[in-house]
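Below is one structure, written out as structure tokens; the observations come after it.
The values are calculated or read from the model by the stated rules, or taken from the named source; none is laboratory data. If you're wondering where the values come from, they're calculated on a predicted model, not measured in any experiment. For neighbour counting, all protein chains shown are included, and Cβ atoms are generated from backbone atoms with ideal geometry for every residue, glycine included.
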Ligand code: SF4
Ligand code: SF4
């Protein structure tokens, strides 16, 4: 089982932490642009996943009646009978509405991912097409992260929004109004999942205080000399 790294908001420092841990020998799986945070990396593999359906209008069967335009609740079919791929969800209301059987479906790219060697470890960077959820892809890629972690001889870390079945979980927080609420949810989730849990407080925007009995790691700004010690402490906690 891997280690979940969660945060309730963007800009928490979670991706920076994942990048630092990857470079120290761990495997990081994330839907954030981790390559921007890596000092150097080499792309070992790149894969595209064609797993979503998109409507197409077969021009020589279509006798324009515009029933498909009316049927599409996503506004994905224009008045000149083109399907806007980014809006189409493959539902397939247009096909049911078409009296001429002029709608077909084609497979389109849902996501792509890259496996990178980064320092002593690995990073897996997922990019999901707009409108699609990242979680199912991250779940599917856990198998890839597990294989890399066996090669690296180190645990894998998965970005996520829930603790799931992880053996350990880290919640990364920065200053915001709902910290305590998210922290209580996290403590409850981790308790139910039987996961060992800890909290990282990102001090980049100033001090934060939270009430918790969990271990707390304070993340200084990256340029602070104490940053390296902070990453080492988190790495030790994961390996403990
Ligand atoms: S499949 Fe659904 S979303 Fe796509 S064009 Fe047809 S009605 Fe619209
Ligand atoms: S419903 Fe079928 S026949 Fe009518 S405009 Fe759309 S694709 Fe053409």
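Consider segment 91-117 and keep the residues that are loosely packed, with under 14 Cβ neighbours inside 10 Å and more than 12 Å from ligand 2 (Cβ to nearest atom). The one that is farthest from residue 137 (Cα to Cα) is 106.
Taking into account only those residues within segment 44-63 that are loosely packed, with under 14 Cβ neighbours inside 10 Å and near ligand 2 (Cβ under 8 Å from one of its atoms), which is farthest from the chain's Cα centre (by Cα)?
Of all residues in segment 44-63, those loosely packed, with under 14 Cβ neighbours inside 10 Å come to 44-48, 50, 58-61, 63.
Those left that are additionally near ligand 2 (Cβ under 8 Å from one of its atoms): 58, 61, 63.
On the way: 58: 36, 61: 41, 63: 43 Å.
Looking at residues that are loosely packed, with under 14 Cβ neighbours inside 10 Å and near ligand 2 (Cβ under 8 Å from one of its atoms), I get 63.
Say whether the condition of being within 12 Å of ligand 2 (Cβ to nearest atom) and in contact with a helix residue (DSSP H, G or I) (Cβ under 6 Å, 6 or more places away or on another chain) is met by at least one residue in segment 79-90. Taking every residue of segment 79-90 in turn, none turns out to be within 12 Å of ligand 2 (Cβ to nearest atom) and in contact with a helix residue (DSSP H, G or I) (Cβ under 6 Å, 6 or more places away or on another chain). Of the listed requirements (1) assigned to a loop (DSSP other than H, G, I, E, B); (2) free of Cβ contacts under 8 Å to residues at least 40 places away in the same chain; (3) farther than 30 Å from residue 148 by Cβ, residue 62 misses just one: (2). Here 144, 231 are screened, and the one residue that is in the same structural domain as residue 9 (by TED's automatic domain parsing), in contact with a helix residue (DSSP H, G or I) (Cβ under 9 Å, 6 or more places away or on another chain) and either loosely packed, with under 14 Cβ neighbours inside 10 Å or touching a residue at least 12 places away in the same chain (Cβ under 8 Å) (or both) is 231.
Just to check your reading of the model, which residue among 157, 132 is touching a helix residue (DSSP H, G or I) at 6+ places or on another chain (Cβ under 8 Å) and in contact (Cβ under 8 Å) with a residue 24 or more places away in the chain? First the steps, then the outcome.
On the way: 132 fails: touching a helix residue (DSSP H, G or I) at 6+ places or on another chain (Cβ under 8 Å).
Only one candidate passes the filter, namely 157.
The single condition among (1) over 18 Å from residue 54 (Cα atoms); (2) part of a loop (DSSP other than H, G, I, E, B); (3) modelled with pLDDT under 95 that residue 132 does not satisfy is (1). Checking each residue in segment 58-114 for being more than 7 Å from ligand 1 (Cβ to nearest atom), over 22 Å from residue 128 (Cβ atoms) and in contact with a strand residue (DSSP E or B) (Cβ under 7 Å, 6 or more places away or on another chain) picks out 58, 69, 81, 102, 104.
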